[in-house]
Each structure stands twice: as C-alpha cells, then as structure tokens.
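Below: the structure, in structure tokens.
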There are 2 protein chains.
Amino acid sequence: MAWDTDATQRKLLLAGARQFAAAGFAGARIEAIGADAGVNKERIYRYFGDKRAFFAAVLGHELAGLLDGLDVTGTGAEAIGDFVAQLLDRCERHPELPRLLLWESLELDAAVAIEQRRPVCAHKVDGILTALPALDRGRAEHLLFSLIALAVGWCELGNLGSAVVGGTMEWETRRATVVAHARALATGMTEEAEASEASGSPRSAAPAPPAGTATHPPLAAEESRS
Amino acid sequence: MAWDTDATQRKLLLAGARQFAAAGFAGARIEAIGADAGVNKERIYRYFGDKRAFFAAVLGHELAGLLDGLDVTGTGAEAIGDFVAQLLDRCERHPELPRLLLWESLELDAAVAIEQRRPVCAHKVDGILTALPALDRGRAEHLLFSLIALAVGWCELGNLGSAVVGGTMEWETRRATVVAHARALATGMTEEAEASEASGSPRSAAPAPPAGTATHPPLAAEESRS
DNA sequence: AACATCTGCAACCGTTCGTTTGGAGTTCGG
DNA sequence: CCGAACTCCAAACGAACGGTTGCAGATGTT
C-alpha cells in the first residue's frame, strides 16, 4: 500500500485535538493519542518534535480557524446576536474548540499562531464597527472579547452553571440566552459610546469609565478571604 | 514543639491551591505541593486520601467562597456594575480563584461543594432581582452566570486577549471595560425583559427568544471545518 | 537493479510520579 | 510511667509516562 504521510499527520493532529481537548496538555497521554489516531506514537516525535511542540501544532491547527468563516453581517444589535449564534453553533458542533481555547490560556504562557489569528479577529472587529458605527475600535475589540468570553463560558463552564442555575439547561435555552445577552451588550455599549461621545470627552484608546457613578475605588475594606 | 495538625492541613490546602491553580490537577505535582507547604507529602494521603480527593478538598475550600461577602447593593444597572467590580477585584487579589474555577470545569465531571455554593449563588440572584425588579428569576440566574463568565474570561483568557486586542491591557482599563459591559448587559436585559413582559408572552422559566428577529435556525449551511 | 532514504512499528529505556512503608519522636489517658 | 494512638518524615516501590532505538518494508533516483 502506498504511504500517505500527510494523512498520518492529519490523523495525529485530529486525535491530538480530541485528547488534548479532553485532558489538557498535562493530562493527555502520548500513547493514547497514537492509539486514537491508529498510528504509532513514535510518529509524533518524528513529525512534530516533542509533546509541547505537538500541543502547539494542534492548537494552531484548531484555534486559528475558531472564528474563520464566521461573519458579522447586517447592522445593529441583531447583527451581533447573529454572530454570537454562529459562534455558539460552531462551539456546539466542535466542542474541542472552546476547551482548547481554555487549555491554551491556562497551560501556555503565550498564544499560538497569533500571526494567523490576529487578522481574523481584526476582520471581526471591522464587522462589529460597521454593524455598530457608534463604537470606536477599542470598544469594538473589547466587545468581541466579551462575546467570545460569553460563548466559551456558556459552553464550557458547566460546573459553575450547576451552582448558579438549578438543574441542567437545554441547549436551545442556552443559545437563546447568550444571543439575548449579546444583543443587550451591543445595545448597551452603543448607548454608552454615544453618551461618552456626546459628553465631549476626547476619544481615547481606552474607553473612559461610564458616566453613571464615579469611577470605582479599589474597595479598600474587603475582607482578605482565607 | 507542640503539634498543630490543623495548621498543617491549612498549609497543605493553601499550597494545593497555589499549585493546582498554576498547573491544574494533572499538571500539579504532589511533591511540589508538599515542598510548597513545607510539609512531607505523605501528610496529604493521611489527611485527604489520594490526589483526586485532595484536589476536591482544595477546590471546595477555595471556590465555596468565590462570591462570599460580595453583594449586589443598590438598584439599577449601577448595582450590577458595582457587583462585577467587587468580583473583579477579588479575582485580581486572588488570581487562584478564577483559575481554579476553570480547572474545575475542565478537569472535573461535577462541581464540588454544590451544597455550599448554591445558596451563595441564590443569594446573589436575590440581590439581582431586587436591583432589577423587571427580571424574572430565570433571567437573573442567567445574568449572574454571564457576569461571572465575563469576569473570569477577562481575568484569565489572556492568550485570547492578545489575539483580539493588540498589546497588553492595563488592569484599570480592563476593569472599567468589564464594569461597562456588565452595566450594558443589565440595562439591555431589563429592556428585553420589559418588552417580553409587555408582549404578553407567559413568563416561563426559560426566557423566550427576544423579539428582534425570528429565532435562529441552526445554520444548516456551515462548512464543517477540518 | 542497486543504493540511499523514508515510513511505520514493536520493544525498550531512564525518569518521574503517585502512593506506601517503617520507624523515630510526641501526646495523652490511666 | 507505661503503652496505645498519633504526627511527621525519609526512603522505597511499582506503575506509567515521555522519548528513543533498531529493524523491516516501501519509495525514488540513477
């Protein structure tokens, strides 16, 4: 039979995504990845180096496309809701993605493949800016970050969920809730941006604290738990 | 010298919190925990059983108090912003907390110490309900969940952040942003709840999808990435 | 066809990890 | 003051892990 080293590498990357998503870098076993891929584990070392390098390769391969193909189409808060709905659906269909994203932040010092990921994110920020023209770029970036945090949180913080809400939650309920929250966030941020624009404060990279109450002092009198 | 077994256990729990927060369950080393605590690692087995049981003990000890002492005081969206500000400050002062929360969801099947944590969460939900009387209990629970997801995400998803926003972010900027987002979420959800109330739909545990556009179909035509 | 080169695999190696054990010191009731 | 029960530790143990090696078969080039 002819050899297909690319297929072997792909099988390893896919099995790596499954195993690393399930157990993280420290918890995943090279042996198990090889077995999952139906390939001898030695291949990992020849193709990717060592375990860390392979982990980075898997993360790059999967996470670079987290937002790929998703788009902010239309205008207004509905556009933001639709975008988050797409993101949620992708997270449900590929549950490894949000988990890998979390493992990356927890187990790695720096993000992998930023060169590929940054322009994708920037493109989503552009979409947000056209959907919500009242926002400046800084605010749009922060909004994108919060939207991803919401989607990932609602997909993967199941244990926290069982402490906050009573029983388990249907997927449709969760989906509708996150979309509603995303829209609420979009409308709220638009209003806040317009208000801060109208108040004449010079637009800066860092959005000024909202006008509601005075800026929050760091709460000197907090008990120093445990 | 007199023995102080309680102090020994406390030292182990504290060192365990540090080590597990840094490396997770699979990544943390019993040896390192013992060394960090200045105690022989064998103590862990006599006091807590095995590594898993010790992990659960550490999580219970730390996470039960994640929201302890935090309160939703006042009314309106500002109250929600203040609450999130408190939560953020706690996360900054105790960086193990958000990390342990994430490890718990990633590495454990079920939440630890739900019996203690649920009433604490319910109390925060009560606070949200008095601050935003337009919300029903389901919506308030979901809001609390999203607020925690936002706070934890902004504290611990640093790698994602470097892909979304350009350089690093000052803590004060982050704090102001999350508080603004929390307020925006609160006002947006209030409006959404009032609208759905006015539209005469019977209030149900699961909030009805917002009225903006039709409910989102699961997007049949999505490419099936990799 | 001969040669070097590459793929794929089973077995192996040295280390590290979680867990246990044996024993020396300490406390406390009677 | 005796002895059972407990605290603490150094050392050891067996399993599991990341990584390597040696070899048999396949490929491509000349």
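The values are calculated or read from the model by the stated rules, or taken from the named source; none is laboratory data. Quantities reported herein were computed from a predicted structural model and do not represent experimental measurements. Cβ placement follows ideal geometry from the backbone for every residue including glycine, while neighbour counts extend to all protein chains displayed. In case anyone asks, the SASA skips ligands and DNA or RNA and just uses the protein heavy atoms, side chains included. Shrake-Rupley method; radii C 1.70, N 1.55, O 1.52, S 1.80 Å.
Could you pull the accessible area for A:Arg18 with a 1.4 Å probe, rounded to 10 Å²?
100 Å²
Heavy-atom accessible area of A:His123 with all protein chains present, probe 1.4 Å, nearest 10 Å²?
90 Å²
Sum -39500 (n - 2.57) across every DSSP H segment of at least 4 residues in chain A, then divide by the residue count to get the 222 nm mean residue ellipticity, nearest 500.
When only DSSP H runs of four or more count, the value is -22500 deg cm²/dmol.
Give me the Kirkwood hydrodynamic radius of region B:76-139, using the inverse of the mean 1/r over all pairs of distinct Cα atoms, in Å to one decimal.
For region B:76-139, the Kirkwood estimate is 13.5 Å.
Please give the helix B:96-107 orientation as an angle from the longest Cα principal axis of chain B, in degrees from 0 to 90, rounded to the nearest 10.
80 degrees
Which values of log₁₀ I(q)/I(0), to two decimal places, follow from the Debye formula for region B:5-58 at q = 0.21, 0.22 Å⁻¹ with a uniform point scatterer at every Cα?
For region B:5-58, the Cα-only Debye profile gives -0.61, -0.68.
Under the 0.36 nm per residue contour assumption, what length would be gained going from the current alpha-carbon distance of A:Thr5 and A:Asp68 to full extension?
Here the answer is 20.1 nm.
Express in % the proportion of alpha carbon pairs of the protein assembly as shown at distances exceeding 32 Å.
Working: 40805 of 101926 pairs.
Summing the P(r) of the protein assembly as shown above 32 Å gives 40 percent of all pairs.
Could you tell me the distance between the Cα centroids of region A:142-158 and region B:38-58, to the nearest Å?
34 Å
Give me the orientation-averaged projected area of the Cα convex hull of region B:18-150, in nm², one decimal.
Across all orientations, region B:18-150 yields a mean hull projection of 8.5 nm².
Highest mean first, how do B:142-148, B:130-136, A:77-83, B:61-67 rank when packing is the count of other Cβ atoms within 10 Å averaged over residues? Could the numbers behind the result be given before it?
Working: B:142-148: 25.7, B:130-136: 17.3, A:77-83: 23.9, B:61-67: 21.4.
Result, highest mean Cβ count within 10 Å first: B:142-148, A:77-83, B:61-67, B:130-136.
Which whole number gives the average, over all residues in B:126-134, of C-beta atoms from other chains lying within 10 Å of the residue C-beta?
Numbers: counts 0, 0, 0, 0, 0, 0, 0, 0, 0.
Average neighbour count from other chains, rounded to a whole number: 0.
If I fit a long axis through the Cα atoms of helix B:171-198 and take the longest principal axis of the Cα atoms of chain B, what angle between them do I get, 0 to 90°, rounded to 10?
Helix B:171-198 sits roughly 40 degrees off the main axis of chain B.
Using the crude model of +1 on Lys and Arg Cβ and -1 on Asp and Glu Cβ, and no other charge, please compute the dipole size for region B:53-173 relative to its Cα centre, in debye to 20.
The dipole magnitude comes to about 220 debye.
Describe numerically, in nm with one decimal, the distance between label points set 7 Å from Cα along Cα→Cβ at B:Glu194 and at A:Arg52.
5.5 nm
Please state, as a whole number in µm²/s, the translational diffusion coefficient that the Stokes-Einstein equation yields for region A:37-110 at 10 °C and 1.306 mPa s, with Rh defined as the Kirkwood radius across alpha carbon pairs.
Working: Rh = 14.4 Å.
Answer from the Stokes-Einstein relation: 110 µm²/s.
Hey, got the dipole for chain B? About the Cα centre, +1 on K and R Cβ, -1 on D and E Cβ, debye to the nearest 20?
600 debye
Treating only the Cβ of Lys, Arg, Asp and Glu as charged (+1, +1, -1, -1), what charge dipole size does region B:1-90 show about its Cα centre? Round to the nearest 20 debye. Show your work: numbers first, answer last.
On the way: 10 positive and 12 negative charges, 122 e Å.
Taking the Cα centre of region B:1-90 as origin, the dipole is about 580 debye.
In this model, which of B:Lys11/B:Lys124; A:Lys51/B:Lys51; A:Lys11/A:Lys51 are farther than 26 Å apart at the alpha-carbon?
B:Lys11/B:Lys124
When you look at the Cβ of every residue in A:88-95, what mean number of other chain Cβ atoms sits within 10 Å?
Other-chain Cβ atoms within 10 Å of each residue's Cβ, averaged: 3.
Take peptide B:182-194, look around each residue's Cβ out to 10 angstrom, count Cβ atoms belonging to other protein chains, and average those counts.
Going residue by residue through B:182-194 and averaging, the value is 6.
For chain A, report the % of Cα-Cα distances exceeding 28 Å.
Cα-Cα pairs in chain A separated by more than 28 Å: 45 percent.
What figure, in Å² to the nearest 10, do you get for the accessible area of B:Lys41 with a 1.4 Å probe and non-protein molecules left out?
Result for B:Lys41: roughly 90 Å² accessible.
Please enumerate, by chain and number, the aspartates and glutamates with C-alpha under 18 Å from the C-alpha of A:Lys41, excluding those fewer than 8 residues away in the same chain.
A:Asp4, A:Asp6, A:Glu31, A:Asp50
May I have the convex hull volume per residue, in Å³, for the Cα set of region A:103-167?
In region A:103-167, the Cα convex hull volume per residue is 120 Å³.
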